[in-house]
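Step one of this worksheet: look at the structure below.
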Amino acid sequence: MNKFIAFMEKHFIPVAAKIGAQRHLVAIRDGFIVTMPLMILGSFGVLINNFPIPPYINFMNNLFGEGKWQAFGNNLANGTFSILALLIAFTVAYNLTKGYGKDALAGGVISVSSFFSLGALAPDDQGALSNAGLGSQGLFLALIVAIVSTEVFRRLADNKKLVINMPDGVPPAVSRSFAALFPAMITVSIFAFITALFQAAGITSLVTAFYQLVQEPFMGLANSYPAALLLGFISAFLWFFGLHGANIIDPFMQTINIPAIEANVKALEAGQKMPYIVNKPFFDSFVNLGGTGATLGLIIAIFLVARQHKAYMTVAKLSVAPGIFMINEPIMFGLPVVLNPLLFIPYVLTPLVLVTVAYFATAVGLVPAATIIAPWTTPPIIGGALATQSLAGGILAAVNLLISVLIYLPFVKMAQIQESRRVDSEHA
């Protein structure tokens, strides 16, 4: 095991660290983080409208009139989920432009303008303008536009011949505006020209075409059991070596997260089977119990069988409160779990087992698919019930927490035995 860890530290970790710090991935991650409070708010709007207790629905219908009381939740969704692509077009471009040291506000505005030039509002089958492209349907295209428009803009902004320099004394905001004038005009014009070419070829909506050709097949692939296993493994594997695995894979998770949740919400409202099992609430509620690697199970196992291990007990006592709220850095670096050969197997194995249990429990209909984005600090069991709007979700989270404890128990017991032998040898 020590040779394996040394090999990974030498050859794998530097590469993974570079990927985690890659400029475009960081911009995508930070862009989605900005929108997360709004997505949580939109999720609570869905919860208000679809709270799975019949007496609640009947009470609201009798009090406000059938269907009328849902206007508030629908308005929350319109201000959050329905404009996700628009928000991402701005926030990702803003963060990427900022990473290049250029005018971040200009980069975000140019990205939004380019997104509309590419057909964010496009005619539907009846010829009326549709705003579907502003929501999850246009998310992938918005990401591409944000990255490409920023790359084009920052290269044009580096060309001194295209930059208008204003004299001293002109307000900074005006100077920045004129400096970005020609690069902005050229960038947006490129996207407008591309759209005109496709329209001439008979494709009236690039957003719809891209969604059908790329985004839908990708969502189906990401929703598979092997994909869920891979996501669970990568996050824990990277964390074991001290890299924030959740942050590294977050750009990928976010691209499948909101579209999957929105599709599930629409299916729920229509009384149909929810199509997507794998999304971020799935991992937060049933896999990452206490943090990546289900380390709340590790803390409980320490309390059960390692009370004589003073170091483990001290760290466990300090880590239990953060762990309940899904913060596991104290246990990861205090125990430590990072680069601890004894805990490598349970730490990487536990997420795979929990993914398997949760995936097939959802697939066979024992638990509804997740439709609510609860705050990531929501304690386990509560988070499972909220995410699925069902008591079954809370029960599944409790079962998975128990499974995680059982997986960690023998390895924690081995640590206790090793500690006892060490203490005995010191007193011999």
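The values are calculated or read from the model by the stated rules, or taken from the named source; none is laboratory data. The shown structure was predicted, so the numbers you read here are calculated from the model rather than taken from an experiment. Using ideal geometry, Cβ is built from the backbone for each residue, glycine included, and neighbour counts are taken over all protein chains shown. The area values use the complete protein model at the heavy-atom level, side chains included, leaving out ligands, DNA and RNA. Shrake-Rupley method; radii C 1.70, N 1.55, O 1.52, S 1.80 Å.
Things to note:
- Residues of segment 205-260 satisfying the condition of being within 30 Å of N340 (Cα to Cα), in contact (Cβ under 8 Å) with a residue 24 or more places away in the chain and exposed (fewer than 15 other Cβ atoms within 10 Å of the Cβ): Y225
- Within segment 329-370, if we keep just the residues that are small (G, A, S) and in contact (Cβ under 8 Å) with a residue 40 or more places away in the chain, the residue that is surrounded by the most Cβ atoms within 10 Å (Cβ to Cβ) turns out to be A370.
- Only one of the listed residues (A200, A184, A179, A196) is open to solvent by 60 Å² or more (accessible area, probe 1.4 Å) and farther than 30 Å from M253 by Cα. That residue is A200.
- The set of residues from segment 394-418 being buried (at least 20 other Cβ atoms within 10 Å of the Cβ), polar (S, T, N, Q) and over 28 Å from T371 (Cβ atoms) is empty.
- With respect to (1) crowded, with 18+ Cβ neighbours inside 10 Å; (2) closer than 20 Å to Y276 by Cα, the lone exception for L391 is condition (1).
- Residue list for segment 305-317, restricted to those being at pLDDT 90 or above and surrounded by fewer than 16 Cβ atoms within 10 Å (Cβ to Cβ): M313, T314, K317
- Screening the candidates A89, A93, A27, A104 for the property of being over 21 Å from the mean Cα position of the chain (by Cα) and at pLDDT 85 or above yields one hit, A104.
- Residue among M274, M326 that is part of a loop (DSSP other than H, G, I, E, B), of a type in the set (A, V, I, L, M), open to solvent by 10 Å² or more (accessible area, probe 1.4 Å) and in contact with a Leu (Cβ under 7 Å, 6 or more places away or on another chain): M274
- Complete set of residues in segment 277-300 that are in a loop (DSSP other than H, G, I, E, B), of a type in the set (V, I, T) and touching a Gly at 6+ places or on another chain (Cβ under 7 Å): V287, T292
- Qualifying residue in segment 373-380 (condition: assigned to a helix (DSSP H, G or I) and not basic (K, R)): no
- Residue under evaluation N75, criteria (1) under 19 Å from F44 (Cα atoms); (2) open to solvent by 50 Å² or more (accessible area, probe 1.4 Å); (3) under 18 Å from the mean Cα position of the chain (by Cα), criterion not met: (3)
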